[in-house]
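The values are calculated or read from the model by the stated rules, or taken from the named source; none is laboratory data. As the structure is a prediction and not an experimental result, all values here were calculated from the model. Backbone-built Cβ (ideal geometry, glycine too); neighbour counts: all protein chains shown. Just so you know, the surface numbers come from the protein's heavy atoms only, side chains and all, with ligands and any DNA or RNA stripped out. Shrake-Rupley method; radii C 1.70, N 1.55, O 1.52, S 1.80 Å.
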Amino acid sequence: MRLALLALTISCLSLSSFTHAFETTSSKSTTVESLEIELSNKETQYSAFITALDDLNAQVTAEEDRLTRLRAQGKVLQTLRQEALLNMNEQYESMVDNPEQDIAQSQNDYRQSIINQTQNKNAIKASITNLSDAKTELAKANIDRFTLANNREALIEEIRIARVKRLRREFEKQDELEVYQVVTCDTQETLNKCITRGNRLAKQKASKTFLDKLFNVATESSLINQYKKDSAAQVRLVKHKVKAGEFSGQGNYGTTIIVEMQGSLPNNEACVLLNISARYCGYQEGQPSNPVVDETANSQQTAGLSDDTLMYELTVRSDQYDDEVFIDGVSYGSTKLSVMLSAGHHDINVTKPGYSDYQQQIRLSKNTLIKVELLKAAINLANGEKIQDILPGDELGPELIGVPAGRFQMGDMKGAGLSNEKPARGEQILKAFAIGQNQITVGDFKRFVKETNYVTEAESTNGCAAFIDGEPKYNSVLNWRNPGFSQADDHPVVCVSDIDSKAYLTWLSKQTEREYRLPNEMEWEYVARAGSVENYWWGNDIGNGKANCAYCGSKWSNRSTAPVKSFRANKLGLYDTVGNVWELTNGDKVVARGGAWNFAPKLARTSVRLELSSGFRSNYLGFRALREN
């Protein structure tokens with residue numbers, strides 16, 4: 001069963017127009033205006049899609065209610081049939097004593113009860129079929145919804161990149177200005193010095209006029225003028241020519257000068273003026289989007305960090321009393337703590353009995369505040385303690401990290417998430433566990449297949465899904481051995497379904513005599529957040545080169561998976577909880593978390609939930625192992 005509205009909405013969505021979100025755009029020039037029009041159209045289409053999806057959800061609910069009523073009716077009809085049969089039998093017995101007795105009515109009643117019951121059973125079968133079809137359509141629609149959301153976010157990313165390029169073009173113009181400047185010559189000043197001063201003031205006047213003009217004629221003038229006061233926008237004097245100069249009888253010198261100038265926005269200044277993340281100022285297709293670096297500023301900063309006489313204030317706050325703060329191994333007492341430290345690297349450790357240690361290394365280059373959240377530990381595990389089980393043949397299993405129990409906030413806490421991320425709520429992990437330091441790798445999965453001759457669903461059916469023209473499509477030649485891009489043994493395995501992952505974890509449990517499984521959503525978000533309440537474990541901005549996701553600034557972004565451990569681990573010691581591949585979780589629904597190499601940064605937020613149908617596999621979907629203690 002398929003809603004006509006939903007089918008029409010999906011057919012009208014031209015997903016192919018989103019191809020640019022996953023391919024390089026160096027071969028074409030896309031304006032901000034055209035992208036904004038496209039985004040507006042897609043927002044309208046997305047809204048229509050969500051309306052149709054709500055209708056489909058309502059139809060599923062209605063069919064479930066209908067099935068419940070039919071089954072209840074079936075019980076009543078079964079009782080009526082039994083009563084009709086009993087009545088007919090009694091009439092037959094009475095007819096023995098009274099052959100003239102008419103039993104036709106009782107026979108008709110029984111015959112009708114059988115007809116009613118048969119009709120009810122047929123209706124139940126039809127309802128079950130309709131419900132199954134509707135749920136299948138709903139599962140596909142949920143995947144389509146995420147595809148649309150990802151493509152919409154990709155357009156937003158493209159618009160911000162295009163805005164940066166446009167503003168740079170608008171500022172990097174070269175132009176001439178003719179200005180007139182009058183100065184009063186000082187009695188102690190020679191004529192040449194007065195002329196030089198007049199020309200210098202004229203050039204300054206020209207520079208100021210030119211810079212004001214750049215700000216005022218820019219497309220986003222009203223926005224960038226809000227940040228003009230502390231702006232680092234530059235004007236370079238290319239050349240100048242004195243057109244005329246003369247002295248007056250009152251000791252004044254007037255000069256007319258023609259100045260040729262060029263504007264520029266150094267480093268990340270375009271992003272500062274547009275009030276967007278600095279990562280957009282370094283984005284280039286196919287290259288890490290590292291912002292342009294001012295070497296002079298870098299050398300000054302480095303020099304400052306090595307100067308022991310340069311001091312900054314460090315303030316440490318904690319959510320617990322009676323804790324103890326160690327800085328570079330020396331105890332400074334309990335929080336709240338403020339102390340002056342030399343610039344440079346320092347190791348911060350906050351401890352309290354019954355709680356997991358908080359550890360952080362900082363590079364002090366300004367006055368800094370650290371807010372510490374101590375997690376209560378049911379079992380005192382060292383933060384980042386590694387656990388690795390031994391497999392037969394003395395081979396090592398996946399690297400695990402011990403994770404203590406604790407309480408945390410789960411869900412979208414910033415208000416920008418999808419509906420299935422809300423509401424945010426407090427949750428508690430009651431038991432400590434161990435979880436994979438990284439996603440299960442190709443090498444891990446290869447060992448399992450070698451031992452068991454296991455054949456994945458992708459290999460045995462219609463292959464693995466990949467993004468084609470902006471939507472997931474199955475390709476019969478793709479599987480975990482050939483996902484469509486090059487992978488080594490240290491890459492996360494992809495093209496595996498929830499069924500494949502559970503087969504691997506069942507094998508691993510038997511090999512190690514330990515209980516391995518997928519983490520549930522609560523456990524996954526607990527370790528992914530690692531004590532953070534921000535969009536990502538390090539903050540609210542994806543930054544540059546911190547993860548492998550679309551537009552995230554790594555050499556793998558929008559291209560392929562990255563080797564595990566290519567980026568910094570979070571505070572619990574886990575790698576790639578943001579991006580690389582979506583990670584399957586355990587629960588009543590098949591839900592993946594964490595984002596992937598070809599999904600937009602907004603969809604790599606810690607609270608994002610990608611709902612899938614059972615058996616779905618793609619070259620951006622993998623998993624991580626959890627071992628129960």
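Element breakdown for the range 478-586 at a 1.4 angstrom probe: carbon and sulfur atoms account for 42% of the accessible area. So what is the relative contact order for the range 516-629, in percent, with contacts set as C-alpha pairs under 8 Å and at least six apart? Contact order relative to length: 30 percent.
Shape of the range 400-507 from its Cα gyration tensor (a ≥ b ≥ c, root eigenvalues): rounded if a/c is under 1.5, otherwise prolate when a/b > b/c, or oblate? Here the range 400-507 falls in the oblate category. Extension gain for the segment E515 to I37, taken as residue separation times 0.36 nm less the Cα-Cα distance, is 166.8 nm to one decimal.
In the chain, the longest principal axis of the Cα atoms and the axis of helix 295-305 are about 80 degrees apart. Protein heavy-atom accessible surface, 1.4 Å probe, per residue over the chain: 49 Å². Residues W582, W597 ordered from highest to lowest accessible area at a 1.4 Å probe: W597, W582.
Do any of K205/K229; K140/K510; K42/K565; K213/K241; K140/K422 go past 25 Å between their Cα atoms, and which?
From K205/K229; K140/K510; K42/K565; K213/K241; K140/K422, over 25 Å: K140/K510; K42/K565.
The candidate values are [x] 37.0; [y] 44.9; [z] 33.5; the one derived from this structure for mean projected area of the Cα convex hull in nm² carries the label [y]. With each label modelled as a point 7 angstrom along the Cα→C-beta vector, the K446-V96 pair spans 8.3 nm. Sorted on the mean count of surrounding Cβ atoms within 10 Å across their residues, most packed first, peptides 146-154, 112-120 read 146-154, 112-120. For the cross-link pairs K414/K555; K502/K571; K121/K589; K203/K243; K173/K239; K431/K502, the ones whose C-alpha atoms lie over 19 Å apart are K414/K555; K502/K571; K121/K589; K431/K502. Here the accessible area is traced with a 1.4 Å probe on the protein chains. For the range 34-105, carbon and sulfur cover 51 percent of it.
Counting Lys and Arg as +1 and Asp and Glu as -1 over every other residue whose Cβ lies under 12 Å from the Cβ of A84, the net charge comes to -1.
Dividing the mean sequence gap of close Cα pairs (under 8 Å, 6+ apart) by how many residues the chain holds gives a relative contact order of 12 percent. Specify whether the C-alpha gyration tensor of the range 441-491 places it in the rounded, prolate or oblate class, a ≥ b ≥ c being the square roots of the eigenvalues: rounded for a/c under 1.5, otherwise prolate if a/b is larger than b/c and oblate if not. Here the range 441-491 falls in the oblate category. Listed peptides 567-576, 314-323 appear in the order 567-576, 314-323 once ranked by packing, highest mean of other Cβ atoms within 10 Å at the front.
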